[in-house]
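Chemist: Supplied in structure tokens, the structure appears directly below.
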Amino acid sequence: METDQSGKRGHAPTFDAIIIGAGLAGMQQLHLLRGLGLSVRVYEASDDVGGTWNISRYPGLRLDSESHTYAYAFDDEILQEWNWTERFVGQAELSRYFRHVADKLDLRRDIVFDTRVERASFDEARDLWVVDTSDGARAEARFLISCIGALVAAPQMPRIAGIESFAGEAYHTNAWPRDREVSFAGKRVAVIGTGATGVQIVQEVSKTAGHLTVFQRTPNWCAPLGNGPISQAEMDKIKANYKDIFARCKATYAQFDHQIDFRSALEVSEEEREALFEQRYNEPGFSIFLGVFIDCLFDPRANALLSDFAARKIRQRVHDPKTAEVLIPKDHGFGSRRLPLETNYYEAYNRDNVSLIDCRATPIEEITPGGIRTSECEHPFDMIIYATGFDAVVGPLARIDLRGIGGRALKDKWADGPVSWMGMHTNGFPNLLIVGGPNSSATLCNVPRCIEDMVGWTTQLIAHTQTSGHRRFEVTEAAEQGWTDAVLTAAEQTLAGHVDSWFTGVNSNIDGRQKRRFLLYPAGAVAYREELEASAAHTYPQLTFA
Ligand code: NAP
């Protein structure tokens, strides 16, 4: 169906579908649409497949989903031939995995790398998306599918006076140099930020830095990752049981292979409660969050018991009592922000070459040519690492000039917060499918397990649109409003809904983002999948077709 490969404006090649992003979601989406016999083009801003795991290269980056539960489930041959070397593999191995999948499925021939989608507008007369890319080319497609993810497409620097004046080395974790090794040896290094990224980089940099100073504004609850090698015998067992493992994941709230305990933390004896907390704390992954008493996740009284347990662990692990107190969150309960998993993170603060600055007590006032000045004094540095996160969930789409019916910009439509049905469709933007968009389950999830539900569903919808002889679909305003209201109401019942974090859209570095508005679907991946299935089973009552 492609008419012209030149791509010059005015001679735009036409595809059935254009996918933005060749990460985890975009790769599977491409594979599935090829299966329908569609012509597909993928645009990827970076130089290879793998999304986050190709783009992000900071030292210490590794998975915190169990590696084997993070694998694509759709191709048994790939599952059987791939060996994971660690329970939670690092960036390099994961990147190799995605490159291997791309080779195996011959994905690259439909992907244009180093090319960013800058603008996409819907041509109402022809029911086509017209897509302009950073290489000055244009292409058109019936369907436009965003697979750009919720984070790495929109890194966020902090707003700090004088930031440009710093004369030493400065890196945002998301834009780590790829052409050379960065050495910390003998250097005075600052890390700003203690989210999942900051925690991983602190534990790594602390090993070699001359001196590492961590600037923490809000402490996060963290728990041990429990990484370790996977033996061939273990790997063989995993391979023989992939089907059951995935089935178990698919039955849980966040699609991990951890089983929640349905007893109440408030009703068991103190001994039983402590024993389960201790056991889970010592198990790998999110066990201490997703494998404890169910009410720890939503009842503040039960959650306080878990928070108290985690605080005692920090006091045991950090030798200096004052430092331990600064590291213990006082304004939010355990798991109500994204839980960073760590390997000797707390022990890093016992090293002589590591110190912690509490930015609540002594805020950063300015970055100077020589370092960072807080309200107390100036700290000299050779290097500053910004682990300050992302314009999460809404940022990646906002950075593309997306225009729907009447030329209306998505940015304008969502100026007061994203309105969508399932996070996938928004009224006024026909034939646009957003995989893992705002109000979807994707980020409160073991990502591949949620993504496979979404790309499967978009594929089914596209097939239905074509076989039923239609050229376009569009979600109704009633459906998107109903879904968005339901998400916001459900978020009120959660602990996370009442805490500042990227889950609630709060970002001190962006104007107008100080008020909380929950950006994720909080009722769990199973409920989310059931909504998708019910819609398809009833021939998409939330959509109109033309
Ligand atoms: P983040 O959770 O948003 O953390 C950003 C950190 O920077 C926070 O500690 C924040 O403090 C601090 N910060 C921002 N601006 C600041 C300023 N002006 N002054 C001082 N401190 C400032 O971002 P992230 O750590 O990059 O993580 C984002 C998400 O990426 C994670 O939640 C996770 O989902 C994902 N991730 C996953 C992995 C993995 O799978 N292994 C690894 C890394 C990240 P406040 O909290 O006070 O705002």
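Chemist: Return the long-range amide H neighbours of residue 420 (sequence gap of 5 or more, or a different chain), with a cut-off of under 5 Å between placed amide H atoms.
Modeler: Those qualifying (amide H under 5 Å, at least 5 residues apart or on another chain) are 484.
Chemist: Right, next: Need the C-alpha centroid separation for segment 180-215 versus segment 49-118, integer Å.
Modeler: Each part reduced to its Cα centre gives a spacing of 26 Å.
Chemist: For segment 223-350, what does the relative contact order come out to in percent, with C-alpha contacts under 8 Å and a separation of six or more? Spell out each step's value before the answer.
Modeler: Values: 124 pairs, mean separation 37.3, N = 128.
Computed over segment 223-350, the figure is 29 percent.
Chemist: OK, next. Mind listing the long-range amide H neighbours of residue 50? Cut-off is under 5 Å, sequence gap 5 or more, other chains count too, H placed in the peptide plane at 1.01 Å from N.
Modeler: 23, 24
Chemist: Report, in order of residue number, the helices in the chain meeting two criteria: a C-alpha extent of 24 Å or more along the helix axis, and a mean Kyte-Doolittle hydropathy of at least -0.5; treat each whole DSSP H run as one helix. The partial results should precede the final answer.
Modeler: Numbers: long enough: 232-250 (25 Å, -0.91); 300-317 (25 Å, -0.71); 447-467 (30 Å, 0.00).
TM-like helix candidates: 447-467.
Chemist: I'd like the distance between the alpha-carbon centres of segment 284-338 and segment 452-521, rounded to an integer number of Å.
Modeler: Each part's Cα centre sits 29 Å from the other's.
Chemist: Taking only DSSP H segments of four or more residues, each worth -39500 (n - 2.57), what value at 222 nm results for the chain once the sum is divided by all its residues, to the nearest 500 deg cm²/dmol? Walk me through the numbers before you get to the answer.
Modeler: On the way: 16 runs with 168 residues, N = 546.
Computed ellipticity for the chain at 222 nm equals -9000 deg cm²/dmol.
Chemist: Relative contact order, percent, of the chain when contacts are C-alpha pairs under 8 Å separated by at least 6 residues?
Modeler: Details: 1082 pairs, mean separation 101.2, N = 546.
The normalised contact order for the chain reaches 19 percent.
Chemist: Please report Rg (one decimal) and Dmax (integer) in Å for the Cα set of the chain.
Modeler: Every Cα atom of the chain included, Rg and Dmax give 23.5, 73 Å.
Chemist: Could you pull out every residue, at least 5 positions away or on a different chain, whose amide H is within less than 5 Å of the one on residue 211? Hs are placed 1.01 Å off N in the peptide plane, and Pro or chain starts have none.
Modeler: Answer set, sorted by chain and number: 187, 188, 189.
Chemist: Hey, another quick one. Out of all DSSP beta bridges with both ends in the chain, state the antiparallel percent to the nearest 5. Could you put the intermediate results ahead of the total?
Modeler: Details: 26 of 65 bridges.
Around 40 percent antiparallel, to the nearest 5.
Chemist: Give the dimensionless ratio obtained when the Cα radius of gyration of segment 13-59 is divided by 2.2 N^0.38 Å.
Modeler: Scaled against compact globular proteins, the figure is 1.25.
Chemist: Might you list the cysteines of the chain that have no disulfide-compatible partner by the rule of another cysteine's Cβ under 4.7 Å?
Modeler: So far as the 4.7 Å Cβ criterion goes, 147, 222, 249, 296, 359, 377 stand without a partner in the chain.
Taken together, the values in this text are just the output of simple stated rules run on the coordinates, not laboratory data. Bear in mind that the values here come from a model prediction, so they are computed numbers and not experimental data. FYI the Cβ positions are ideal-geometry reconstructions off the backbone, even for glycines, and counts take in every protein chain you see.
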